[in-house]
Amino acid sequence: MLDQDQGARGTARNSSPSASTRSVISARFEQFEKRQSELWWITRLVLFLLALAVLLRSRKRPVVTGGEALIGAAGEAVFWQGGEGRVRVKGEIWLARADAPLAAGTHVKVLDRDGLVLRVQPL
């Protein structure tokens, strides 16, 4: 009978934690919450820095649209007479002027754009 009482008390003791056990669990939970909060801020900081790096890298890229994209582009003279003619640049035919006369089929580089007229030089 004594063994049965000890077994019953042992079971009762295991089912409800003591005050010291509760304080240990509470302290560990607080440590967990603190670490979780620190990780949350670190994650936010890393994501912010990643977004900033992507933004700064995109600003260094050359312009790929508009009139500025034509500057420096390569093309080919389609028709040329005297100081001006037509060139094909990026699949479009443009009116162009050059300092020297060019022959049809000459590869050219765009130096400048004035409205719809390109200034080119031979490559």
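Each value in this text was obtained by applying a stated rule to the coordinates, not by laboratory testing. Only a predicted model underlies this, so the values are computations on that prediction, with no experimental measurement involved. Cβ sites come from the backbone with ideal geometry, for glycine too, and all protein chains shown count toward neighbours.
Some notes on this structure:
- Each Lys and Arg contributes +1 and each Asp and Glu -1, all at the Cβ; summed about the Cα centre of the chain, the dipole is approximately 180 debye.
- Averaging 1/r over every pair of different alpha carbons in region 62-103 and inverting the result gives a Kirkwood radius of 10.9 Å.
- Dipole of the chain, positive end: most advanced residue of LEU47, GLY105, ALA27 [Cβ charges, Cα centre]: ALA27
- Length released on extending from ARG59 to ARG97, taking residue separation times 0.36 nm less the Cα-Cα span: 10.5 nm
- Sorted from longest to shortest, the spans of the Cα atoms of the chain along the three principal axes equal 121, 23, 21 Å.
- Debye, to nearest 20: dipole size of region 67-122, +1 on Lys, Arg Cβ, -1 on Asp, Glu Cβ: 100
- A protection proxy built from the mean count of other Cβ atoms within 10 Å ranks the segments 73-86, 47-60, most packed first, as 73-86, 47-60.
- In sequence order, calculated HN-Hα J values of region 116-122 (Karplus, 6.51, -1.76, 1.60; Hz; x Gly/Pro): 9, 10, 9, 9, 10, 9, x
- Note: relative contact order over region 38-123, using C-alpha pairs below 8 Å and six or more positions apart, is 22 percent.
- In this structure the amide hydrogen of LEU118, modeled in the peptide plane, comes within under 5 Å of the amide hydrogens of LEU95, ALA96, ARG97, none closer than 5 places in sequence on its chain.
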